[in-house]
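Engineer: There's a structure below that I have some questions on.
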């Protein structure tokens, strides 16, 4: 679960939980109050490309998508099953929403970044955090479990 705790003018910092246990933090673009249940026209009218957090709601995660961008980067190839990135499915008004590493909202572009919020407005230790999170998600995927994320 992502609990959007600190909503700022240009970014959103959240507490990240796995099965109810705290697992570092997440960073997204600005939360514009969108909900998955909003009409698509409402989402499209409020969304600013590359500067908007995805609508709150529950999303299934696909672990089999090779990212055209990250799949070409050696670190992701090595640590993310050949560049297969966690991808949120069926996000209304958004495409290609991934969970990946990054430090500021400028790295997000509508995706969810993970790391440790040790400095104002940014994440640190993002690659280490992603590596640990990815292992947990891939293990669940390999056991045949359905992976979902709730964004509040």
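Engineer: On a 0 to 90 degree scale, rounded to 10, what angle separates helix 126-142 from the longest Cα axis of the chain?
Structural biologist: 70
Engineer: Then there is this: With no solvent and one point per C-alpha, what does the Debye sum give as log10 I(q)/I(0) for the chain at q = 0.15 Å⁻¹?
Structural biologist: -0.72
Engineer: How high is the relative contact order of the stretch 3-88, given as a whole-number percent (alpha carbon pairs under 8 Å, six or more residues apart)?
Structural biologist: Relative contact order of the stretch 3-88: 19 percent.
Engineer: Here's a follow-up. Restricting to bridges with both residues inside the chain, how much of the DSSP beta-bridge set is antiparallel, in percent to the nearest 5?
Structural biologist: Percentage antiparallel, nearest 5: 85.
Engineer: Counting alpha carbon pairs within less than 8 Å and at least 6 residues apart, what relative contact order, in whole percent, applies to the stretch 2-151?
Structural biologist: 24
Read-outs: derived from the displayed coordinates by stated rules, not from any lab. Keep in mind that this is a model prediction, so the values were computed, not measured.
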